[in-house]
1. Return yes when A:Ile27 is in a helix (DSSP H, G or I), touching a residue at least 60 places away in the same chain (Cβ under 8 Å) and open to solvent by 40 Å² or more (accessible area, probe 1.4 Å) and no when it is not.
2. Against the definition (at pLDDT below 95 and acidic (Asp, Glu)), how does B:Asp21 come out, yes or no?
3. Can you tell me which residue among B:Ala112, B:Ala135 is within 14 Å of chain A (Cβ to nearest Cβ) and in contact (Cβ under 8 Å) with a residue 24 or more places away in the chain?
4. Run down B:Ala83, B:Ala67 and say which single residue is facing another protein chain (nearest Cβ under 10 Å), on the phi < 0 side of the Ramachandran plot and part of a loop (DSSP other than H, G, I, E, B).
5. Within the stretch B:90-110, does at least one residue satisfy the condition of being closer than 23 Å to A:Val127 by Cα, in contact with a His (Cβ under 9 Å, 6 or more places away or on another chain) and of a type outside the set (A, V, I, L, M, F, W, C)?
6. Looking at this structure, is A:Met125 closer than 21 Å to A:Phe46 by Cβ and either open to solvent by less than 40 Å² (accessible area, probe 1.4 Å) or part of a helix (DSSP H, G or I) (or both)?
7. Could you tell me which numbered condition B:Gly146 fails, if it satisfies all but one of (1) in contact with a Gly (Cβ under 9 Å, 6 or more places away or on another chain); (2) within 30 Å of B:Glu118 (Cβ to Cβ)?
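The values are calculated or read from the model by the stated rules, or taken from the named source; none is laboratory data. Quick caveat, the model's predicted, so the values are computed rather than measured. Virtual Cβ from ideal backbone geometry, glycine too; neighbours counted across all protein chains shown. Surface accessibility is based on the protein's heavy atoms, side chains included, excluding ligands, DNA and RNA. Shrake-Rupley method; radii C 1.70, N 1.55, O 1.52, S 1.80 Å.
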Amino acid sequence: MSLLANTLGSLGATFFAFLAAIGRVAIFAAQTLRHALTPPFYIKEFGQALLSVGYFSLPVVGLTTIFTGGALALQIYAGGARFNAEAVVPQIVAIGMVRELGPVLVGLMIAARVTSSIAAEIATMKVTEQIDALVTLSTHPMKYLTVPRVLAALLVVPLLVGIGDIIGIMGGYLVATKTLGFNEAAYLQNTADFLQASDIISSLIKGSVFGGIAAIMGCYYGMNSGRGAQGVGKATKSSVEAAAVLILAANFILTGIFFSA
Amino acid sequence: MIKFEGIKKSFGDNHVLRGVDLHIPKGESMVIIGGSGTGKSVALKCVLGLVTPDEGTILVDGKDARAGDRDAFLARFGMLFQAAALFDSLPVWQNVAFRLMRGSLKRPEEEARAIAIEKLRRVGLKADVADRLPAELSGGMQKRVGLARAIAAEPEIIFFDEPTTGLDPIMSGVINDLIREIVVEMGATAMTITHDMSSVRAIADKVAMLHDGVIQWTGPVADMDKSGDPYVTQFISGSADGPIEAVR
C-alpha cells in the first residue's frame, strides 16, 4: 500500500512540476510579448539577432535540406517501384519537404544551433554578473536580450524554412534527374503543379512558431540557469531538449489544424 | 544618504541577513568587511533591487529604494562588479559608454565615445584600448574598464564589489588608490565590500563588520585597530581563534 502511495505521490509530484514548468515558460513568453510592445526598442540588437539567427544559419539549413530532399527522392523511387508508382517522386518530394520535413528539420537545426547558442550566451552572462550589470545600467535584460532574439527568430525562421523547402526540392530534383532518369522540365512542372498555396503558407507559419519556440526556450533557460560552468551546461542542454520536443509537439498540433480535414 | 533598517534575507534555510542596520552619510566611503558568504554582496544588491529583502527597508535620501522611477533611481548609481562583468560582445568603449548610449542619459555616439575615452584615461588606460574586446584585456585592465564604466555617467553613489579580488598586490594597490582618488574627486558616496584589509585602509572613511547576518561593529577606519570588538580584531589579525568559526 505504501509502495503504491509512494509511486502515485511521485507521479503526482512530477506531473505538478511539469505543469509548473509550463506555467513558468508561459509567463516568460507573455512577459516577452509585453516587453516587445513597450519602448525602449533595441534596434541594433535586433539587427544583430537577425544576422545571427538567420544569415549564419543558412549553411546548416541548406546542407540539411538538400541531403534530405535527395534521400527522400531515392526512398520514394524505391518504395514506389513496389507498386509501379515511381513517377510520383516530384509530387511526394515537394509535399514532404514543404509540409513536414522542411519546417521540422529547419526547426530542429535552429534548436540545435540557435537555442543552444542563446542559452549558453545568456547563462554565461548570468553567472558572470553581466545580467546584474545590465540592470544597474538601467537596461531591462528581457528588453535587451530576449525581445530582439525572439522577434528575430519569429521573422527570419519562416524565411529559412522557405529557403530550406526550395533547397530540399532541388535536392530531390538533382537526384531524380541525374540518377533516376527523370526529365528535368517535367520534374519541375510536376512539382509546381502539385504544390498549393496552403502548403507553402502552412510551412511558413510552422517556421515562425518553431522559431519562436527555439528562441524563447534559449532565453528562458539562459535567464534561469544555475551557477558556474555546470549551470551553463545544464541550461544549454535543457533548452535544446525542450525546444526540440516542443517543436515536434507543435508540428503535430499544427499539422492537425492545417490538414486534418 | 543610504540607510538600511532591519534588512533580512534568507535563501531557503540559509538566513544570510538577519536584521542589518547601517547608515552611510552623503559623501562618505563606507567599507563593509566580513568573511566569504556572510552576505556582503547580498546587502549591496538589495540596495539596487537585484535582490529583494524579505523584511526591512532601504532608504536612499529618505525615500524607499523600491519606490519611484526605477530608471531615474539607478541613474544615480555606478557599480564595479567583482569580475568587472564587462559585456563580452561589445568593445571596451561601448562597455564604458553603455549607459550614455541608451535610456534617459543617451548622448550622440561621438560624444559618448569621447566621454568613454576620457574615463579610460582617468583610470590609466590609453585610447587604443577603446576598440579592443574585454577578452583581450588582462584582469587588472578589465577592472579598470569596469571602474571607468562605473563612473562614466558621473554617479552620486558608487558601489565596489570586491574590487581587488584576483589581482596581484601591486595592481590591487593601484585600483585601491584609483578608487579613493575618484571617490574624493567626484564627492561621491561609496559603499565597498571586501575582505582585503589593504583595500579597507586605502578606501574607507568608515568600516562596518558584517557577521552572522548583522552589523557587529561600525566606526571610523582609524578606530578599527583599537575597536575592541572581538569579531573585528579576529578578522584584522586573520586568526583562527575567536568568535568567527574558521570553518563555515
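1. Spelling it out, it is not the case that A:Ile27 is in a helix (DSSP H, G or I), touching a residue at least 60 places away in the same chain (Cβ under 8 Å) and open to solvent by 40 Å² or more (accessible area, probe 1.4 Å).
2. Against the criterion (at pLDDT below 95 and acidic (Asp, Glu)), B:Asp21 does not qualify.
3. Checking each option against the conditions leaves just B:Ala135.
4. Of B:Ala83, B:Ala67, the one residue that is facing another protein chain (nearest Cβ under 10 Å), on the phi < 0 side of the Ramachandran plot and part of a loop (DSSP other than H, G, I, E, B) is B:Ala83.
5. The answer is no; no qualifying residue exists.
6. So A:Met125 passes the test.
7. Evaluating B:Gly146 over (1) in contact with a Gly (Cβ under 9 Å, 6 or more places away or on another chain); (2) within 30 Å of B:Glu118 (Cβ to Cβ) leaves (1) as the failure.
Residues checked against (1) in contact (Cβ under 8 Å) with a residue 60 or more places away in the chain; (2) of a type in the set (Ser, Thr, Tyr):
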{"position": "B:Met186", "(1), (2)": "no, no"}
{"position": "B:Ile193", "(1), (2)": "yes, no"}
{"position": "B:Ser199", "(1), (2)": "yes, yes"}
{"position": "B:Val207", "(1), (2)": "yes, no"}
{"position": "B:Ile215", "(1), (2)": "yes, no"}
